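Here the structure comes first, spelled out in structure tokens, and everything after it is commentary.
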Amino acid sequence: NMSTNISHLPAEIMLRLFHYLSPKDLCRCSQVCSLWWQLAKTGSLWRHLYPVRWARGDHYNGPPGDLDQEPDEEWVRSRQNEGRAYQKWDEDADIDESDVSGHTEGSLAINMVQREKKLLNGIIQNLLPAVGPSVKSIILAYSSTVSSKMVRQMVSLCPNITHLDLTQTDVTDSVFDSWSFLGACRSLEHLDLSGCEKITDLTLKKLSTGLGELPSSPSSCSDKTPQLKSFTAHIDKRNLHALERKKQAIVFKYGTRRWGGPCIPTPVWVVETSDLADIEDAAAWSRRGGMPLPESFVETQLMGGSCCCRTSRRQGHRMGSDASYLHQQYAMSGEIFCGHSTCCSGLQCLQPENRTDCSPAKRALKFLSLSGCYQITDLGLRTLSQHGGLPVMEHLNLSGCLSITEVGLQELVSACPSLNDEHFYYCDNINGPHADTASGCQNLQCGFRACCRSGE
Ligand code: FES
């Protein structure tokens, strides 16, 4: 039989083809058959999410670095008009929210916002539970429908997120409630809260806690993490028996049967995930009960050392629900995590309550914009300088933060050794640090964000 059909192509070739498709086309393909449905839920296809743009027909899904500029004024104005029209309609509407007939004026804008809301809910309910650990960026700038609860749900499903843009949204301090608990923002590098006027010092406190504590800080994780380290440190013949009992308690608590070394940060091979998309995808399929991962493929591709994926398959474990168990086991044994987002990333979110995460914090935040968050005070800035400061912070925008002073700025800047003055913005009326070289307030030109000189 010489007939050829697209369904005869191997799954890895199909996946390559899927990488050329837009999010909309991927959704269509997922409805073709169960294999395509499985393939379309592959993590590497959904690294960067732009729901606001997608709802308006712009299906860009590349990394956000390519869009590292302010959207044009026309775009911003359209989103603002849509938001106002939707809000007015929402206030006037009867119980049946789906009916926009009869609203000739602004009905297009209302439809657009409704589509965005539906898309956001679909992403949260259907997509992120499958691909969340692979998601790196979520861009929600200028969304008129995203709520704090939605962002909370997204963040809790995407523990490895590095880029979050909430520019000009209506989110409140509760948006980061889950972060300090989940440790989800340990990998966060870029946070844009420009124009989020409800944000206060409380958000900065949660953010700083969520970023974790640098090992060199006075009260670092390895000092605080407790049970496991102290057990091995105090091994002593006299209380060996008691120790055994304690070990059993811990074994029970964490569901592991092996006792390892002290709880110190384990060296982790951080493999460039984009180079490993195929392996990662194959692992994801395997976890979902799809096609098996070819043994030789992984053996030859991984960067040496023993990997939790490989060993887990050798031992006959399935990845997924066992991930937490495996991570715990391998972290303690000193073996190497593979670094795959799909199989190793569940660590933080799957850890037990009152987590005792031993992985070293990086405080990797490079970009923070609080432009127009006028409720921020020196106290909020101080929380950011705690726990080891922000060692790699390069871009800090505090334009329109009317309540901060040079004292708070000085304290924060002294904890940001990598700050680039060209990308350091604050009120022109403050004689703060690096006054000669830092950039001034950006909000004077912006027009729609708080600024002490607006109206001049
Ligand atoms: Fe003072 Fe903009 S906040 S100049």
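The values are calculated or read from the model by the stated rules, or taken from the named source; none is laboratory data. In this text, all values refer to a predicted model and were calculated from it rather than measured experimentally. Don't worry about glycine lacking a Cβ; one is built from the backbone with ideal geometry, like all the others, and counts go over all protein chains shown.
Structure data summary
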{"read-out": "All positions within the range 31-59 that are among the charged types (D, E, K, R), touching a residue at least 40 places away in the same chain (Cβ under 8 Å), closer than 19 Å to residue 146 by Cβ and not in a helix (DSSP H, G or I)", "value": "56"}
{"read-out": "Residues located in the range 398-424, provided they are within 19 Å of residue 200 (Cα to Cα) and either among the hydrophobic types (A, V, I, L, M, F, W, C) or near the ligand (Cβ under 9 Å from one of its atoms) (or both)", "value": "398, 399, 400, 401, 402, 404, 407, 409, 412"}
{"read-out": "Of all residues in the range 425-443 being within 18 Å of residue 167 (Cβ to Cβ) and near the ligand (Cβ under 7 Å from one of its atoms), the one that is surrounded by the most Cβ atoms within 10 Å (Cβ to Cβ)", "value": "443"}
{"read-out": "Counted residues, the range 416-446 - those being more than 27 Å from residue 80 (Cβ to Cβ) and assigned to a strand (DSSP E or B)", "value": "1"}
{"read-out": "Checklist (1) within 14 Å of the ligand (Cβ to nearest atom); (2) crowded, with 23+ Cβ neighbours inside 10 Å; (3) in contact (Cβ under 8 Å) with a residue 40 or more places away in the chain applied to residue 384, failing item", "value": "(1)"}
{"read-out": "The listed residue being touching a residue at least 60 places away in the same chain (Cβ under 8 Å), within 21 Å of residue 197 (Cα to Cα), part of a loop (DSSP other than H, G, I, E, B) and within 16 Å of the ligand (Cβ to nearest atom), out of 453, 449", "value": "449"}
{"read-out": "Meets criteria (at pLDDT below 95, surrounded by fewer than 16 Cβ atoms within 10 Å (Cβ to Cβ), over 18 Å from the mean Cα position of the chain (by Cα) and part of a loop (DSSP other than H, G, I, E, B)) for residue 62", "value": "no"}
{"read-out": "Residue within the range 37-44 that is out of contact with any Phe, Trp or Tyr (no Cβ under 9 Å at 6 or more places or on another chain) and modelled with pLDDT under 90 present", "value": "no"}
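So that you can scan it fast, the table gives a plain yes or no per residue for (1) assigned to a strand (DSSP E or B); (2) out of contact with any His (no Cβ under 7 Å at 6 or more places or on another chain); (3) farther than 20 Å from residue 48 by Cβ; (4) basic (Lys, Arg):
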residue: 129; (1), (2), (3), (4): no, yes, no, no
residue: 133; (1), (2), (3), (4): no, yes, no, no
residue: 138; (1), (2), (3), (4): yes, yes, no, no
residue: 143; (1), (2), (3), (4): no, yes, no, no
residue: 155; (1), (2), (3), (4): no, yes, no, no
residue: 161; (1), (2), (3), (4): no, yes, no, no
residue: 170; (1), (2), (3), (4): no, yes, yes, no
